[in-house]
Amino acid sequence: MGFEEVNARVEAAVERSGRAIGDVTLIAVSKVQPNARVASVLEKGCRIFGENRVQEAFEKWPDFKSRFDGVEVHLIGPLQTNKARQAMELFDVIQTVDRPKLAKTIARLAVELGHCPRLFVQVNTGEEVQKAGILPRDADAFIIECRDMGLAVEGLMCIPPADEDPAPHFDMLREIAARNGIAGLSMGMSGDFEVAIAHGATHVRVGSAIFGDRDYG
Ligand SMILES: *Cc1c(COP(=O)(O)O)cnc(C)c1O
């Protein structure tokens, strides 16, 4: 599809759902993509990107950030506590806060570094053992715990099970956010971002539909 087409589809989906264009942010997921593809999407005007590994992001983004103004990078993959400092130095948003130990580390480092990225809590809506994220039944208490530590939770994030209808997962995330007074909802990827927007997404994370397939070779 490419960036322009995905962007147009996002806007059309936002309009269909009766919301304003600015209500939904398109995050271009650049993990594993060659730098030339990332540069060409930057040149088309895209400024918001997602990466799932701290190390890989460090190899790419300091340089791109020095060449292009207004770039914002979101961490959308699991974060180990021993990489939290590095992540907080590079990322503008961490979408994968998902356990008390990590939240405590981020809170401590925020004081030390004097700044904190914007934070989303990842919820494992499908309760999949192989997936990160706080379990839905523990989400309310965890959000309160984060706030008690002084962390502002801007949004929630989920990755529905690959083989299920994502809509009930999107609805679950929206309900958890609503009852906790949280505005941000990061949900929807290449295969379902239009569905996610219809269900209230404020952030969609789209990789292969923008950049083409990822070559893990
Ligand atoms: C890779 C990834 C995406 C993008 O997936 P596509 O299907 O390529 O759009 C979105 N969210 C997360 C958390 C990812 O790891």
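The values are calculated or read from the model by the stated rules, or taken from the named source; none is laboratory data. From a predicted model like this one, the values you see are computed outputs, not experimental measurements. Methodologically, a virtual Cβ is constructed for each residue, glycine included, from the backbone with ideal geometry; neighbour enumeration extends over all protein chains shown. What goes into the accessible areas is simple: the full protein's heavy atoms, side chains included, and nothing from ligands, DNA or RNA. Shrake-Rupley method; radii C 1.70, N 1.55, O 1.52, S 1.80 Å.
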Can you tell me the order of 81-88, 198-205 when each peptide is scored by its average per-residue count of other Cβ atoms within 10 angstrom, highest first?
198-205, 81-88
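Quick one: which of LYS44/LYS65; LYS44/LYS131; LYS31/LYS131; LYS104/LYS131; LYS44/LYS83 span more than 27 angstrom between C-alpha atoms? Spell out each step's value before the answer.
Numbers: LYS44/LYS65 15 Å; LYS44/LYS131 33 Å; LYS31/LYS131 18 Å; LYS104/LYS131 21 Å; LYS44/LYS83 32 Å.
Those over the limit are LYS44/LYS131; LYS44/LYS83.
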Grab the other residues whose beta carbon is less than 10 angstrom from that of ARG118, score K and R as +1, D and E as -1, and report the net.
-3
Where the centroid of each part is defined by its Cα atoms, how far is region 2-43 from region 174-217 in Å?
11 Å
Computed magnitude of the charge dipole of region 108-217 (debye, nearest 20; Cβ of K, R +1, Cβ of D, E -1):
420 debye
Ignoring ligands, DNA and RNA, please state the percent of accessible area on the chain from carbon and sulfur, probe 1.4 Å.
49 percent
Using a/c under 1.5 as the rounded threshold, could you call region 1-110 rounded, prolate or oblate? The axes a ≥ b ≥ c are square roots of the C-alpha gyration tensor eigenvalues, and prolate needs a/b larger than b/c, oblate otherwise.
oblate
At R0 = 35 Å the Cβ-Cβ FRET efficiency linking ARG214 and ARG147, nearest 0.05, sits at 0.45
Along the charge dipole of the chain, pointing to its positive end and built from +1/-1 on Cβ of Lys, Arg, Asp and Glu, which listed residue (ILE134, PRO117, PHE49) has its Cα farthest out?
PRO117
Overall dimensions of the chain as given by Cα atoms, namely Rg and Dmax in Å:
16.5, 45
Only helical DSSP H runs with n ≥ 4 go in: add -39500 (n - 2.57) per run for the chain, normalise by residue count and round the 222 nm mean residue ellipticity to 500 deg cm²/dmol.
-13000 deg cm²/dmol
Which whole DSSP H helices in the chain pass both tests: a Cα extent of 27 Å or more along the axis and a mean Kyte-Doolittle value no lower than 1.6?
none
Region 81-217 - accessible surface per residue (Å², probe 1.4 Å)
44 Å²
Where a ≥ b ≥ c are the square roots of the eigenvalues of the C-alpha gyration tensor, would you call region 39-99 rounded, which needs a/c under 1.5, or, failing that, prolate if a/b is larger than b/c, or oblate?
prolate
From zero outward in steps of 5 Å, how is the percent of C-alpha pairs of region 60-161 spread across the bins?
2, 13, 24, 24, 17, 11, 6, 3, 0
Relative contact order, percent, of region 82-217 when contacts are C-alpha pairs under 8 Å separated by at least 6 residues?
18 percent
Rounded to the nearest Å, what's the spacing between the alpha carbon centres of region 120-171 and region 51-103? Just the number, please.
19 Å
Would you work out the charge dipole size for region 3-210 about its Cα centre, treating the Cβ of every Lys and Arg as +1 and the Cβ of every Asp and Glu as -1, and quote it to the nearest 20 debye?
580 debye
